[in-house]
1. Confirm whether C:N240 is part of a loop (DSSP other than H, G, I, E, B) and either buried (at least 24 other Cβ atoms within 10 Å of the Cβ) or among the small types (G, A, S) (or both).
2. State whether the residues of segment C:258-278 include one that is among the aromatic types (F, W, Y) and closer than 21 Å to C:M325 by Cα.
3. I'd like the full set of residues that are at the interface with chain B (Cβ under 8 Å from one of its Cβ atoms) and in contact (Cβ under 8 Å) with a residue 40 or more places away in the chain, limited to segment A:200-216.
4. Can you pull out every residue in segment D:30-52 that is in a loop (DSSP other than H, G, I, E, B) and under 14 Å from D:I77 (Cβ atoms)?
5. Being surrounded by fewer than 22 Cβ atoms within 10 Å (Cβ to Cβ) and small (G, A, S), is that true of even one residue in segment B:303-313?
6. Specify the residue that is farthest from the other protein chains (Cβ to nearest Cβ); the eligible residues are those in segment A:229-256 that are over 24 Å from C:R323 (Cβ atoms) and either basic (K, R) or under 26 Å from the mean Cα position of the chain (by Cα) (or both).
7. Looking at this structure, is A:A219 out of contact with any strand residue (DSSP E or B) (no Cβ under 6 Å at 6 or more places or on another chain), assigned to a helix (DSSP H, G or I), modelled with pLDDT of 95 or more and more than 7 Å from every other protein chain (Cβ to nearest Cβ)?
Protein chains: 4
Amino acid sequence: MAAILRGSRNVWGRIRHVDYTLVSSRSMASKTQVGFIGLGNMGNPMAKNLLKHGYPVIATDVFPESCKELQELGAQIVDNPAEVADKADRIVTMLPSSPNVIDVYTGANGILKKVKKGSLLIDSSTIDPAVSKEMALAVEKMGAVFMDAPVSGGRYAILAVFRRAHLNGQEDASVGAATSGKLTFMVGGVEEEFTAAQELLSCMGANVVYCGAVGTGQAAKICNNMLLAIGMIGTSETMNLGIRLGLDPKLLAKILNMSSGRCWSSDTYNPVPGVMEGVPSGNNYQGGFGTQLMAKDLGLAQATATNTKTPVPLGSLAHQIYRMMCARGYAGKDFSSVFMFLREDEKEEGQ
Amino acid sequence: MAAILRGSRNVWGRIRHVDYTLVSSRSMASKTQVGFIGLGNMGNPMAKNLLKHGYPVIATDVFPESCKELQELGAQIVDNPAEVADKADRIVTMLPSSPNVIDVYTGANGILKKVKKGSLLIDSSTIDPAVSKEMALAVEKMGAVFMDAPVSGGRYAILAVFRRAHLNGQEDASVGAATSGKLTFMVGGVEEEFTAAQELLSCMGANVVYCGAVGTGQAAKICNNMLLAIGMIGTSETMNLGIRLGLDPKLLAKILNMSSGRCWSSDTYNPVPGVMEGVPSGNNYQGGFGTQLMAKDLGLAQATATNTKTPVPLGSLAHQIYRMMCARGYAGKDFSSVFMFLREDEKEEGQ
Amino acid sequence: MAAILRGSRNVWGRIRHVDYTLVSSRSMASKTQVGFIGLGNMGNPMAKNLLKHGYPVIATDVFPESCKELQELGAQIVDNPAEVADKADRIVTMLPSSPNVIDVYTGANGILKKVKKGSLLIDSSTIDPAVSKEMALAVEKMGAVFMDAPVSGGRYAILAVFRRAHLNGQEDASVGAATSGKLTFMVGGVEEEFTAAQELLSCMGANVVYCGAVGTGQAAKICNNMLLAIGMIGTSETMNLGIRLGLDPKLLAKILNMSSGRCWSSDTYNPVPGVMEGVPSGNNYQGGFGTQLMAKDLGLAQATATNTKTPVPLGSLAHQIYRMMCARGYAGKDFSSVFMFLREDEKEEGQ
Amino acid sequence: MAAILRGSRNVWGRIRHVDYTLVSSRSMASKTQVGFIGLGNMGNPMAKNLLKHGYPVIATDVFPESCKELQELGAQIVDNPAEVADKADRIVTMLPSSPNVIDVYTGANGILKKVKKGSLLIDSSTIDPAVSKEMALAVEKMGAVFMDAPVSGGRYAILAVFRRAHLNGQEDASVGAATSGKLTFMVGGVEEEFTAAQELLSCMGANVVYCGAVGTGQAAKICNNMLLAIGMIGTSETMNLGIRLGLDPKLLAKILNMSSGRCWSSDTYNPVPGVMEGVPSGNNYQGGFGTQLMAKDLGLAQATATNTKTPVPLGSLAHQIYRMMCARGYAGKDFSSVFMFLREDEKEEGQ
């Protein structure tokens, strides 16, 4: 395992395929029980979306209080991942980091203790793709199927989908910016199982994209978020510079968005208060995607880049900037607050 | 002047307005002679576009051979900027850098030696906004009007417009990516004169945007190009990392473009050979916007950021990366060749 | 002038030498009156050192209150630089930035209004070397001599020299670290005049080094401070990382200092509280060399690098980090406080 | 193990101490057989130094040809690490990276298959400190003692020590710069065993420093090399900038070295050809410490920084620069060749 963790390039793609005759035993009938493990900020609305689409849900979380809301909505709550695996042959996991994933799958009360042959295990956590590969190997040995399926767009987008489902199409303007088709599951694993995964994931996201072998879902997520962070910091620097040079921020955003400077952070999630509505910059950077989570994802990007000897100078600096922000009290604010971090406080000036 | 160059923030916007009664003397009748100074890679197709739209053109360039093609197309060629100013009261200048602009306006045979009161002088060079302000002050003292109107999109886009005019709408697929509405003039100066400037500029670009006081056109251009450089290097790092993690480049580009990593460099001008058609990455990074020119624009961004005490960490690193590329032989290649610069040459590996 | 400011490489070294027959008229007898312009944090102790070494001083400053202390110590105070130039033929200027220098030399009441032929004008300000060249040209036209002689070590070192003079050799342990031979004047200008400059400068600094033609004093200062900033941030990152990895800070400093990581910031001015005595890190980062001043010097380094197309990736990032620190309230703290800026506040952690 | 690898801060220091009554069985008599595993560029001269100091050596390497020279000098060569452990109770390992260390200790023919209780295992490889902790735990379970003892100064310094031993004090001027006391072993592990480790290590290096608990040797090494890389790139940028500003390189080096810009890379290992003798810059960057090895060490620094959430902006950029250099053909050159990488090739200029 250690060798895998330290990721020589050779490991990519060495997953041997499971015996798919075993898969036939899985209950494919729609609307049979689905397991859900990890009911945090992200997992909670995801599991609700499953319920909303008519799936019976059997769930667990290390924090019992996290389960209450879902229980009230009709989900069955059990004690640990092994019990979930005992009762459901399709399970979604949504956990904060690699060690949690390892524990939920391979721990003393982990899924693998009771997983049924042919089960479909979908991990939507964002973790190191090398750990996804480890898990896939372990799951495969039990005759089950593992897919990595991290989600792009964060809690903000998940909530938006949830809200849209609630509103029956009455688009909530305040979240419009983040919801127009941006939520995406990126799925890695054997292609034969993609349709089965898509059935569940499409209840929770607008897009479900097949990326390739196990680990490529994570790879795509990590790549996207690295470029997102670069774009966000870049947009913040640029907007700040333009404002100081006398440009009106709304006009500058408009110009960038019709020019080659255009990016998601400038046209959909602008970090400057007052430029757009319905984004965290208009709400004191509350909600959205936390700086600390972005720092974590950039750490994953950095680690995979180091392991594959890939130079990522801007990605690496973006990582460091988000680390410095965490050190300076921005950990809990939306990652677009980098605009505030970079902005010179007028009262500090003079010289 | 020195004080302006070293740019305290106070200077932004202190241009006193010209006496507009003088402007009435300018020939506003469409299709009267237009002056054009600077017939290089950018100026040449721009001047041709003016001819194509029916304007008599009177032009000059320090290199006589640059004038031949335009002369054959019917332009009148004169010896120096002063002579242009003697014969035309609307003049467009397109020059490589600040010292050239200063010389063409204020030099021994400069425009200001013979400029007529009420003339409209439009500078489309990309230079330091502080120099634009200097020029505006000097022009204003002569009773004429100065506007800065740099163009976004570079020679590539200019040529595309030219080609489109030629093709009468038959879109040339090979340049399609760069031409769909991306060419933009960013105009700074007194608002009363914007319409007059727009009349000429709209012959040469798809968008003509009013940005505010003199210098804001440059500011907008500089801001756009800084964000463009960041997006391009970020996209290159990201695509390179994804490929090394086992993702198919076309699929990765598709995923980024439907997610929050989306930017102009990923969806319109992708730097990875084979991902898109009609962009320099598909043509060995020939054509397009040269690395050296991008380095120059980033130098301007850096200087304005330093002068206004604005932190631009990614912009600054992008500048350094393009400088390193110039040092390593990429000066003449399209700026998307940063993908090749970052890509580890397989034969160098091992350890 | 503008052309010089924008610094093509050609300008380096085009100063024609002054007619040195004029210099013979200067009073070279030691201990005749010396002019001093600029009595701020740096200039004040410098002028005092001149007095202490027996030179009559005639001084001025834009803020009259800055002159009081020096007046009480026996200096003659006059109204403006022109009056200083009227009465002294050796003048030292110590000003905060380029515009001040330009004004003090070429302004309405500037030195050049009354400068005597053959005078020696020494500018110890830290400014863009291109501005030093401008000033040298203007001074030369008046038949006088200009030398740039910025000082390395900052106010801290200056004060230390002052204190040592006071203490008659009783070394003040608290400032020992910064004073053992580190204060250095870096002098650019015609070599024939170096001895004359050295006579005055050696009263104020331990080392006076001849660097070459006008502007090279500034160049050396800027280079030194860029490397200093890089070393300081690097040391801070390294000490912070080592501490988090379980190393004792004093031991780590000792190891670095006996190894290849050794630098002035690790062995003489360590940024970690408790590692060394007599440095700002032991005094809540009071005193020393302010973050804002370092940011200014790095801005100069950046500008000269951009003008000469020199890639300086770490220097550039160091500049941005000090800019960010200014924006976050560190402007007035010693530049070694970057250790605190980078250090993750424990209470912000968790995820 | 996985949890350790992913390094929460809690793991530092949780090594329980071995039962030291077992240690008494170890042959402490000097000059009894010492095992040596890994006879590459670094290990080969290290093992020779042991022989030279009178220790019988029993060695192995995956490449049999690496063993020949040592065998001729009198060492006993065996087939694999287990055999070494069977015959020697003091073993030094010197391996290229973490996976090799894991294999040599815990693999099928690894040391732990035959390690004697009370043996002293010293690993001089440079690896992730978290892996050192893993190894220490595994070794401790077998009743033996593990210490990490990476060496600073690289092959260059090792060879210098070797040569000095040969020359009987006749200092070889060509390597003088790198050898005056710079070679340092940084040792982590239980303090009670330090003296025993020191006995062997002092045959191979001038300094042997105790750093603290297991892993702190690696931590110190990684910290030193990160600061070294920052100092080297910073020195290269600074020297390059100064040269372009008209300074003589030797003079600039002298000024830096008497000022606050001073660092090991400026005063002991200057990267500019012609400034110093006996360093790789004077020998076309042959020999010394390879760019690729520096990139590897910076990758370790990056990983530990990410795991401990420590911002290392310059360290991270230094890593990326050395990665880019590897990608551009500098992998095998000394790491001071970054001066050449940054230096703009005159023929590429113009615009």
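1. Numbers: part of a loop (DSSP other than H, G, I, E, B): no; either buried (at least 24 other Cβ atoms within 10 Å of the Cβ) or among the small types (G, A, S) (or both): yes.
So C:N240 fails the test.
2. In the first step, residues of segment C:258-278 are kept if they are among the aromatic types (F, W, Y); the result is C:264, C:269.
Still in the list and also closer than 21 Å to C:M325 by Cα: C:269.
Within segment C:258-278, one or more residues are among the aromatic types (F, W, Y) and closer than 21 Å to C:M325 by Cα.
3. We begin by selecting, within segment A:200-216, every residue at the interface with chain B (Cβ under 8 Å from one of its Cβ atoms); these are A:207, A:209, A:211-213, A:215-216.
Correct list: A:A213, A:G215, A:T216.
4. Applying the first criterion (in a loop (DSSP other than H, G, I, E, B)) to segment D:30-52 yields D:30-33, D:38-42.
Passing the criteria: D:Q33, D:G38, D:L39.
5. No; the residues of segment B:303-313 include none that is surrounded by fewer than 22 Cβ atoms within 10 Å (Cβ to Cβ) and small (G, A, S).
6. Looking only at segment A:229-256, we keep the residues that are over 24 Å from C:R323 (Cβ atoms), and these are A:250-251, A:254-255.
Restricting the remaining residues to those that are either basic (K, R) or under 26 Å from the mean Cα position of the chain (by Cα) (or both) gives A:250, A:254.
Numbers: A:K250: 12, A:K254: 8 Å.
Residue satisfying both the conditions and the ranking: A:K250.
7. Working: out of contact with any strand residue (DSSP E or B) (no Cβ under 6 Å at 6 or more places or on another chain): yes; assigned to a helix (DSSP H, G or I): yes; modelled with pLDDT of 95 or more: yes; more than 7 Å from every other protein chain (Cβ to nearest Cβ): no.
Taking the combined requirement at face value, the residue does not satisfy it.
The rows are residues; the columns are (1) more than 30 Å from D:V101 (Cα to Cα); (2) surrounded by fewer than 24 Cβ atoms within 10 Å (Cβ to Cβ).
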site: D:T216; (1), (2): no, no
site: D:M232; (1), (2): no, no
site: D:M258; (1), (2): yes, yes
site: D:R262; (1), (2): yes, no
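The values are calculated or read from the model by the stated rules, or taken from the named source; none is laboratory data. Keep in mind that what you see is a predicted model, and the values were worked out from it rather than measured. Please note: Cβ atoms are built from the backbone with ideal geometry, for glycine as well, and neighbour counts cover all protein chains shown.
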